[in-house]
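Working notes, beginning with the structure itself.
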Amino acid sequence: MTSADPQEIPQASAPQTQVSLGGKIIAITGANRGIGLGIAECCLTNGAAKVYSIDIGETGEDFAALEKRYPGQLSAINANVTEETTITAAIDKIIEEAGALHGMVVNAGRTHHKAALDFTKEEIETLFNVNLFGAFYSARAAARAFIKLGIKGSIVFTASMASYRPNKRVPSTPYGASKAGVRNMTHTLAMEWAQYGIRVNSVSPGLVKTAMTYWVPQQPDWEQQLKYYGGFPRLAEVQELGGAYVYLLSDAASYTTSIDIPVNGFVEM
């Protein structure tokens with residue numbers, strides 16, 4: 001390694017030591033409810049100027065309640081993550097309204113638990129279209145916007161603990177495979193887009209209390225399962241995931257890219 005002229009070495013700006021989203025514009029796919037809405041709440045609580053949910057569905061009572069708590073700071077835009085043109089249009093609208101985009105949480109996803117031999121072709125394609133292809137389209141649309149605006153933005157994927165190992169009680173091969181693809185995508189896109197100053201990371205939640213997991217604690221042997229899993233004897237609240245996303249979206253993570261943060265209260269999945 002040869003020495004270089006100090007004037008030729010790129011100098012980093014002063015590191016940010018406070019974890020805050022002050023003034024940032026954040027977009028979250030699939031944030032009309034569930035994990036996405038919990039992430040939105042955490043972003044607003046930590047100072048985000050505006051949070052946009054990009055979702056194909058309608059908003060509900062929980063969204064309206066959060067919107068009331070943060071008037072003028074939470075909005076929903078309709079788009080289909082499996083159609084890249086609609087994601088691009090949604091991002092263009094955000095930039096037109098807010099003037100910028102600083103962070104993108106690629107969160108929209110679907111789940112379906114059944115034996116591998118029982119999955120239909122349509123069920124498999126639906127999972128991959130949303131969880132994998134939709135994630136790629138959303139990230140790419142955001143990256144193009146960051147590059148155009150000259151913003152060193154942050155992209156955070158929602159992966160899953162199922163991307164590491166199967167849930168032995170409720171397996172889903174297509175779901176786990178799609179989320180493993182998301183984690184690989186995180187590392188590869190981080191490598192490709194570092195030249196633009198774009199950071200790409202992911203968060204892998206464990207079992208979280210949402211409309212998609214309402215049935216988990218209703219199982220007759222749930223108490224026994226808790227002993228089997230080990231760890232905290234409950235599902236996570238959606239807000240308990242938010243800290244990982246807020247950190248990765250913040251300037252405090254300016255040198256953090258290509259990592260996955262597992263948020264899992266269970267020892268064994």
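When you look at His112, is it open to solvent by 50 Å² or more (accessible area, probe 1.4 Å) and either over 27 Å from Gly176 (Cα atoms) or touching a residue at least 40 places away in the same chain (Cβ under 8 Å) (or both), yes or no? For His112, the condition - open to solvent by 50 Å² or more (accessible area, probe 1.4 Å) and either over 27 Å from Gly176 (Cα atoms) or touching a residue at least 40 places away in the same chain (Cβ under 8 Å) (or both) - is met. Here Pro174 clears all of (1) part of a loop (DSSP other than H, G, I, E, B); (2) modelled with pLDDT under 95; (3) more than 24 Å from Gly38 (Cβ to Cβ) except the condition numbered (1).
Go through Glu84, Glu122 for me and flag whichever is of a type in the set (Asp, Glu) and either open to solvent by 50 Å² or more (accessible area, probe 1.4 Å) or within 22 Å of Val203 (Cα to Cα) (or both). Give the steps one after another, and end with the answer.
Details: Glu84 fails: either open to solvent by 50 Å² or more (accessible area, probe 1.4 Å) or within 22 Å of Val203 (Cα to Cα) (or both).
On inspection, the qualifying residue turns out to be Glu122.
Scanning region 27-60 for residues that are surrounded by fewer than 24 Cβ atoms within 10 Å (Cβ to Cβ) and over 15 Å from Gly109 (Cα atoms) yields Glu41, Cys42, Leu44, Thr45, Asn46, Gly47, Ala49, Lys50, Glu58, Thr59, Gly60. A search for C-beta distances below 9 Å between a residue of region 236-251 that is small (Gly, Ala, Ser) and any residue that is in a helix (DSSP H, G or I), counting only pairs 6+ apart in sequence or on different chains, returns Gly242/Gly38; Gly242/Ile39; Gly242/Ala40; Gly242/Glu41; Gly242/Cys42; Gly242/Cys43; Gly242/Thr45; Gly243/Cys42. Whenever a residue of region 61-83 is modelled with pLDDT of 95 or more and among the charged types (D, E, K, R), its partners that are crowded, with 18+ Cβ neighbours inside 10 Å and assigned to a strand (DSSP E or B), lying with C-beta atoms within less than 6 angstrom and at least six residues away or across chains, give the pairs Glu67/Leu74. All told, Lys179 meets the bar of being within 24 Å of Gly242 (Cβ to Cβ), in contact with a helix residue (DSSP H, G or I) (Cβ under 8 Å, 6 or more places away or on another chain) and open to solvent by less than 30 Å² (accessible area, probe 1.4 Å).
The values are calculated or read from the model by the stated rules, or taken from the named source; none is laboratory data. Here the structure is a predicted model, which is why all the values come from computation and not from measurement. Because the Cβ atoms are built from the backbone with ideal geometry, glycine has one as well, and the counts that use them run over all protein chains shown. Note: areas computed on protein heavy atoms with side chains; ligands, DNA, RNA excluded. Shrake-Rupley method; radii C 1.70, N 1.55, O 1.52, S 1.80 Å.
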